Amino acid sequence: MVGGRRRMKIAAVLAAAILPLLTAFVGPAWAGPPPEQLIVQHEFIRESGGREFNDPSIFYSKERFHLQAWFGDLTKGVEIGGYKKSKRGSAYSAFYRFRDDFDHVLHLETEQLTGTKGVVFVLGARYIHALPDDGARNMGQVHIGADRYYGDYNFTSFRAISDPRRSGRWTFVLSNRFASATSFLSIGIVPRTDGEVGYFLQAKRRHLLFGAGKYGRFDFTDRSRTIYSLGWEWEVK
(Lines give C-alpha, C1' and ligand atoms only; values in the text may rest on other atoms or scores of the structure.)
Protein backbone atom coordinates (compact mmCIF):
# COMPACT_ATOMS: atom_id res chain seq x y z
CA MET A 1 0.00 0.00 0.00
CA VAL A 2 2.85 2.32 0.92
CA GLY A 3 4.64 1.39 -2.31
CA GLY A 4 1.50 2.17 -4.30
CA ARG A 5 1.14 5.61 -2.73
CA ARG A 6 4.81 6.29 -3.38
CA ARG A 7 4.44 5.34 -7.05
CA MET A 8 1.41 7.60 -7.44
CA LYS A 9 3.31 10.47 -5.80
CA ILE A 10 6.24 9.98 -8.21
CA ALA A 11 3.81 9.88 -11.15
CA ALA A 12 2.16 13.13 -10.00
CA VAL A 13 5.53 14.89 -9.61
CA LEU A 14 6.74 13.79 -13.05
CA ALA A 15 3.42 14.71 -14.66
CA ALA A 16 3.60 18.18 -13.11
CA ALA A 17 7.08 18.58 -14.59
CA ILE A 18 6.33 17.29 -18.09
CA LEU A 19 2.77 18.52 -18.81
CA PRO A 20 3.76 22.20 -19.30
CA LEU A 21 6.42 21.07 -21.75
CA LEU A 22 3.94 18.91 -23.64
CA THR A 23 1.50 21.81 -23.82
CA ALA A 24 4.18 23.87 -25.55
CA PHE A 25 4.77 21.08 -28.06
CA VAL A 26 1.10 20.99 -29.02
CA GLY A 27 1.20 24.64 -30.12
CA PRO A 28 1.26 25.90 -33.72
CA ALA A 29 3.83 24.43 -36.10
CA TRP A 30 4.89 25.41 -39.57
CA ALA A 31 3.73 22.19 -41.24
CA GLY A 32 0.10 21.11 -41.30
CA PRO A 33 -0.92 18.68 -38.54
CA PRO A 34 -1.89 15.06 -39.29
CA PRO A 35 -5.58 14.05 -39.15
CA GLU A 36 -7.22 13.27 -35.81
CA GLN A 37 -6.93 9.51 -35.19
CA LEU A 38 -8.21 6.77 -32.90
CA ILE A 39 -6.57 3.32 -32.82
CA VAL A 40 -7.86 0.29 -30.92
CA GLN A 41 -5.28 -2.49 -30.70
CA HIS A 42 -4.80 -5.90 -29.08
CA GLU A 43 -1.41 -7.51 -28.42
CA PHE A 44 -0.82 -11.20 -27.68
CA ILE A 45 2.52 -11.64 -25.90
CA ARG A 46 4.41 -14.91 -25.36
CA GLU A 47 7.30 -14.55 -22.92
CA SER A 48 10.32 -16.78 -22.34
CA GLY A 49 9.39 -19.26 -19.62
CA GLY A 50 6.02 -20.02 -21.19
CA ARG A 51 3.95 -17.15 -19.82
CA GLU A 52 1.32 -15.56 -22.09
CA PHE A 53 -0.46 -12.20 -21.87
CA ASN A 54 -3.23 -10.29 -23.64
CA ASP A 55 -2.78 -6.51 -23.75
CA PRO A 56 -5.49 -4.28 -25.30
CA SER A 57 -4.79 -0.56 -25.74
CA ILE A 58 -6.31 2.65 -27.10
CA PHE A 59 -4.32 5.35 -28.89
CA TYR A 60 -5.70 8.82 -29.66
CA SER A 61 -3.96 11.67 -31.49
CA LYS A 62 -5.09 15.18 -32.40
CA GLU A 63 -2.89 17.72 -34.15
CA ARG A 64 0.50 17.28 -32.41
CA PHE A 65 -0.73 15.64 -29.21
CA HIS A 66 -1.22 11.95 -28.40
CA LEU A 67 -2.57 9.87 -25.53
CA GLN A 68 -2.30 6.10 -25.12
CA ALA A 69 -3.73 3.79 -22.44
CA TRP A 70 -3.09 0.07 -21.79
CA PHE A 71 -5.53 -2.23 -19.96
CA GLY A 72 -3.79 -5.61 -20.27
CA ASP A 73 -2.64 -8.60 -18.28
CA LEU A 74 0.98 -7.43 -18.54
CA THR A 75 0.76 -3.68 -19.09
CA LYS A 76 -1.48 -1.20 -17.30
CA GLY A 77 -0.57 2.42 -17.79
CA VAL A 78 -0.80 5.64 -19.76
CA GLU A 79 1.40 7.71 -22.07
CA ILE A 80 0.94 11.37 -22.96
CA GLY A 81 3.08 13.20 -25.48
CA GLY A 82 3.40 15.71 -28.26
CA TYR A 83 5.73 17.31 -30.80
CA LYS A 84 6.42 20.60 -32.49
CA LYS A 85 8.05 21.49 -35.80
CA SER A 86 10.35 24.41 -36.49
CA LYS A 87 10.26 26.76 -39.49
CA ARG A 88 12.80 24.64 -41.32
CA GLY A 89 10.80 21.43 -40.69
CA SER A 90 12.82 19.84 -37.88
CA ALA A 91 10.78 18.24 -35.08
CA TYR A 92 11.04 18.21 -31.27
CA SER A 93 9.01 15.68 -29.29
CA ALA A 94 8.45 14.48 -25.73
CA PHE A 95 6.33 11.97 -23.87
CA TYR A 96 5.77 10.81 -20.31
CA ARG A 97 4.73 7.19 -19.64
CA PHE A 98 3.66 5.43 -16.46
CA ARG A 99 3.26 1.64 -16.43
CA ASP A 100 2.16 0.09 -13.15
CA ASP A 101 4.77 -2.35 -11.74
CA PHE A 102 7.13 -1.44 -14.63
CA ASP A 103 8.48 2.09 -14.81
CA HIS A 104 8.08 5.82 -15.23
CA VAL A 105 9.68 7.11 -18.45
CA LEU A 106 10.42 10.65 -19.58
CA HIS A 107 11.42 10.66 -23.27
CA LEU A 108 12.87 13.57 -25.27
CA GLU A 109 13.79 13.45 -28.96
CA THR A 110 14.65 15.67 -31.90
CA GLU A 111 14.59 14.97 -35.63
CA GLN A 112 16.80 17.41 -37.51
CA LEU A 113 16.84 17.98 -41.25
CA THR A 114 20.30 17.72 -42.76
CA GLY A 115 21.84 19.30 -45.84
CA THR A 116 21.21 16.07 -47.76
CA LYS A 117 17.78 15.78 -49.36
CA GLY A 118 15.54 13.26 -47.61
CA VAL A 119 17.94 12.57 -44.71
CA VAL A 120 16.84 13.24 -41.13
CA PHE A 121 19.19 12.99 -38.13
CA VAL A 122 17.64 11.64 -34.90
CA LEU A 123 18.89 12.10 -31.32
CA GLY A 124 17.02 11.20 -28.14
CA ALA A 125 17.28 10.42 -24.43
CA ARG A 126 15.16 8.76 -21.75
CA TYR A 127 15.06 8.98 -17.99
CA ILE A 128 13.75 5.69 -16.56
CA HIS A 129 12.53 5.28 -13.00
CA ALA A 130 12.33 1.51 -12.67
CA LEU A 131 9.71 -0.34 -10.61
CA PRO A 132 9.37 -2.05 -8.21
CA ASP A 133 11.17 0.28 -5.82
CA ASP A 134 13.00 -2.51 -3.97
CA GLY A 135 16.30 -3.22 -5.70
CA ALA A 136 15.51 -1.06 -8.73
CA ARG A 137 17.66 1.82 -9.87
CA ASN A 138 17.06 4.87 -12.01
CA MET A 139 18.63 4.80 -15.46
CA GLY A 140 19.45 7.07 -18.37
CA GLN A 141 19.30 5.81 -21.94
CA VAL A 142 20.33 7.52 -25.20
CA HIS A 143 19.72 6.73 -28.86
CA ILE A 144 21.02 8.10 -32.13
CA GLY A 145 20.12 7.40 -35.73
CA ALA A 146 18.86 8.61 -39.08
CA ASP A 147 15.98 8.22 -41.53
CA ARG A 148 16.40 8.32 -45.32
CA TYR A 149 13.18 9.17 -47.19
CA TYR A 150 12.75 8.19 -50.85
CA GLY A 151 9.78 8.13 -53.18
CA ASP A 152 6.58 9.69 -51.84
CA TYR A 153 6.23 7.85 -48.49
CA ASN A 154 9.02 5.23 -48.23
CA PHE A 155 11.94 5.49 -45.83
CA THR A 156 14.85 3.50 -44.42
CA SER A 157 15.57 3.88 -40.70
CA PHE A 158 18.52 3.18 -38.39
CA ARG A 159 18.74 3.50 -34.59
CA ALA A 160 21.53 2.73 -32.11
CA ILE A 161 20.15 2.41 -28.54
CA SER A 162 22.28 2.21 -25.40
CA ASP A 163 21.51 -0.31 -22.66
CA PRO A 164 21.60 1.53 -19.32
CA ARG A 165 22.06 -1.68 -17.33
CA ARG A 166 25.41 -2.61 -18.86
CA SER A 167 27.94 -0.07 -20.06
CA GLY A 168 28.96 -0.69 -23.65
CA ARG A 169 26.02 -2.87 -24.70
CA TRP A 170 23.95 -1.53 -27.62
CA THR A 171 20.84 -2.47 -29.58
CA PHE A 172 20.58 -1.59 -33.28
CA VAL A 173 17.29 -1.28 -35.17
CA LEU A 174 17.44 -1.38 -38.97
CA SER A 175 14.16 -1.17 -40.90
CA ASN A 176 12.53 -0.12 -44.14
CA ARG A 177 8.96 1.07 -44.69
CA PHE A 178 7.27 0.67 -48.07
CA ALA A 179 4.23 2.93 -48.02
CA SER A 180 1.44 4.65 -49.89
CA ALA A 181 -1.01 7.29 -48.69
CA THR A 182 -3.21 4.68 -46.93
CA SER A 183 -1.05 1.55 -46.45
CA PHE A 184 2.45 0.47 -45.46
CA LEU A 185 4.70 -2.52 -44.83
CA SER A 186 7.66 -2.21 -42.43
CA ILE A 187 10.31 -4.92 -42.07
CA GLY A 188 13.09 -4.66 -39.49
CA ILE A 189 15.92 -6.53 -37.80
CA VAL A 190 17.17 -5.85 -34.24
CA PRO A 191 20.74 -7.11 -33.62
CA ARG A 192 22.50 -6.54 -30.29
CA THR A 193 26.17 -6.39 -29.38
CA ASP A 194 25.71 -9.39 -27.03
CA GLY A 195 24.68 -11.62 -29.96
CA GLU A 196 20.88 -11.49 -29.56
CA VAL A 197 18.96 -10.85 -32.80
CA GLY A 198 15.29 -9.85 -33.04
CA TYR A 199 13.01 -9.01 -35.94
CA PHE A 200 9.64 -7.43 -36.63
CA LEU A 201 7.04 -6.86 -39.31
CA GLN A 202 4.36 -4.15 -39.19
CA ALA A 203 1.67 -3.57 -41.78
CA LYS A 204 -1.36 -1.38 -42.45
CA ARG A 205 -4.00 -1.85 -45.12
CA ARG A 206 -6.37 1.09 -45.06
CA HIS A 207 -7.81 0.82 -41.52
CA LEU A 208 -6.44 -2.61 -40.53
CA LEU A 209 -3.16 -2.81 -38.57
CA PHE A 210 -1.04 -5.93 -38.02
CA GLY A 211 2.29 -6.59 -36.33
CA ALA A 212 4.55 -9.50 -35.40
CA GLY A 213 7.97 -9.51 -33.81
CA LYS A 214 10.48 -11.37 -31.67
CA TYR A 215 12.61 -9.35 -29.26
CA GLY A 216 15.50 -10.54 -27.09
CA ARG A 217 15.98 -8.96 -23.64
CA PHE A 218 12.85 -6.93 -24.27
CA ASP A 219 12.44 -3.48 -22.71
CA PHE A 220 15.70 -3.56 -20.70
CA THR A 221 14.82 -6.88 -19.04
CA ASP A 222 16.42 -10.34 -19.26
CA ARG A 223 13.28 -11.81 -20.87
CA SER A 224 12.58 -12.51 -24.53
CA ARG A 225 9.13 -11.92 -25.99
CA THR A 226 7.22 -12.74 -29.15
CA ILE A 227 4.48 -10.19 -29.79
CA TYR A 228 1.55 -10.30 -32.24
CA SER A 229 -0.74 -7.28 -32.63
CA LEU A 230 -3.99 -6.56 -34.44
CA GLY A 231 -5.67 -3.17 -34.57
CA TRP A 232 -8.12 -0.86 -36.32
CA GLU A 233 -7.53 2.82 -37.09
CA TRP A 234 -10.17 5.52 -37.56
CA GLU A 235 -9.76 9.06 -38.76
CA VAL A 236 -11.98 11.11 -36.46
CA LYS A 237 -13.92 13.72 -38.46
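The values are calculated or read from the model by the stated rules, or taken from the named source; none is laboratory data. Every value quoted in this text rests on a predicted model; they were computed, and no experiment measured them. Quick reminder, even Gly has a Cβ in these numbers, built from the backbone with ideal geometry, and neighbours come from all protein chains shown.
Since Glu36 meets every condition but one in (1) without any contact (Cβ under 8 Å) to a residue 24 or more places away in the chain; (2) closer than 24 Å to Val236 by Cα, which condition does it not meet?
Unmet for Glu36, out of (1) without any contact (Cβ under 8 Å) to a residue 24 or more places away in the chain; (2) closer than 24 Å to Val236 by Cα: (1).
Hey, does the range 25-44 have a residue that's touching a helix residue (DSSP H, G or I) at 6+ places or on another chain (Cβ under 8 Å), farther than 22 Å from Ile128 by Cα and modelled with pLDDT under 95? Lay out the reasoning, then the answer.
The initial filter retains those residues of the range 25-44 that are touching a helix residue (DSSP H, G or I) at 6+ places or on another chain (Cβ under 8 Å), namely none.
Among the residues of the range 25-44, not one is touching a helix residue (DSSP H, G or I) at 6+ places or on another chain (Cβ under 8 Å), farther than 22 Å from Ile128 by Cα and modelled with pLDDT under 95, which makes the answer no.
Answer yes or no as to whether Ala136 is small (Gly, Ala, Ser), surrounded by fewer than 17 Cβ atoms within 10 Å (Cβ to Cβ) and not in a strand (DSSP E or B). Show your work before the answer.
Working: small (Gly, Ala, Ser): yes; surrounded by fewer than 17 Cβ atoms within 10 Å (Cβ to Cβ): yes; not in a strand (DSSP E or B): yes.
Criteria met by Ala136.
If Gln68 satisfies every condition in (1) surrounded by fewer than 16 Cβ atoms within 10 Å (Cβ to Cβ); (2) within 22 Å of Ile128 (Cα to Cα); (3) in contact with a Phe, Trp or Tyr (Cβ under 8 Å, 6 or more places away or on another chain) but one, which is the exception?
(1)
For the range 78-90, which positions are within 16 Å of the chain's Cα centre (by Cα) and either in contact (Cβ under 8 Å) with a residue 60 or more places away in the chain or within 18 Å of Ile227 (Cα to Cα) (or both)?
Answer for the range 78-90, where residues must be within 16 Å of the chain's Cα centre (by Cα) and either in contact (Cβ under 8 Å) with a residue 60 or more places away in the chain or within 18 Å of Ile227 (Cα to Cα) (or both): Ile80, Gly82.
If you take the residues in the range 131-170 that are aromatic (Phe, Trp, Tyr) and either touching a Lys or Arg at 6+ places or on another chain (Cβ under 9 Å) or in contact (Cβ under 8 Å) with a residue 60 or more places away in the chain (or both), which one is nearest to Pro191 (Cα to Cα)? Break it down stepwise before answering.
Restricting attention to the range 131-170, the residues satisfying the condition of being aromatic (Phe, Trp, Tyr) are 149-150, 153, 155, 158, 170.
Those still in the list that are either touching a Lys or Arg at 6+ places or on another chain (Cβ under 9 Å) or in contact (Cβ under 8 Å) with a residue 60 or more places away in the chain (or both) too: 149, 153, 155, 158, 170.
On the way: Tyr149: 22, Tyr153: 26, Phe155: 20, Phe158: 12, Trp170: 9 Å.
The residue in question is Trp170.
Please tell me if Leu123 is touching a residue at least 40 places away in the same chain (Cβ under 8 Å), of a type outside the set (D, E, K, R) and farther than 22 Å from Glu196 by Cα. It would help to see each step written out before you state the result.
Details: touching a residue at least 40 places away in the same chain (Cβ under 8 Å): no; of a type outside the set (D, E, K, R): yes; farther than 22 Å from Glu196 by Cα: yes.
Criteria not met by Leu123.
Which of (1) over 23 Å from Val105 (Cβ atoms); (2) outside any strand (DSSP E or B); (3) of a type in the set (A, V, I, L, M) is the odd one out, the single condition Ile189 does not satisfy?
(2)
What about His107, is it surrounded by 17 or more Cβ atoms within 10 Å (Cβ to Cβ), assigned to a strand (DSSP E or B), on the phi < 0 side of the Ramachandran plot and at pLDDT below 95? Let's see the steps before the verdict.
Numbers: surrounded by 17 or more Cβ atoms within 10 Å (Cβ to Cβ): yes; assigned to a strand (DSSP E or B): yes; on the phi < 0 side of the Ramachandran plot: yes; at pLDDT below 95: no.
Judged against the criteria, His107 is not a match.
Just to be sure I understand the filter: pairs with C-beta atoms under 6 Å, separated by 6 or more residues or on different chains, first member in the range 62-76 and assigned to a strand (DSSP E or B), second member among the hydrophobic types (A, V, I, L, M, F, W, C) and modelled with pLDDT under 95. Which pairs pass?
Phe65/Val26
Residue check: is Pro164 surrounded by 15 or more Cβ atoms within 10 Å (Cβ to Cβ) and not in a strand (DSSP E or B)? First the steps, then the outcome.
Working: surrounded by 15 or more Cβ atoms within 10 Å (Cβ to Cβ): yes; not in a strand (DSSP E or B): yes.
So Pro164 fits the description; yes.
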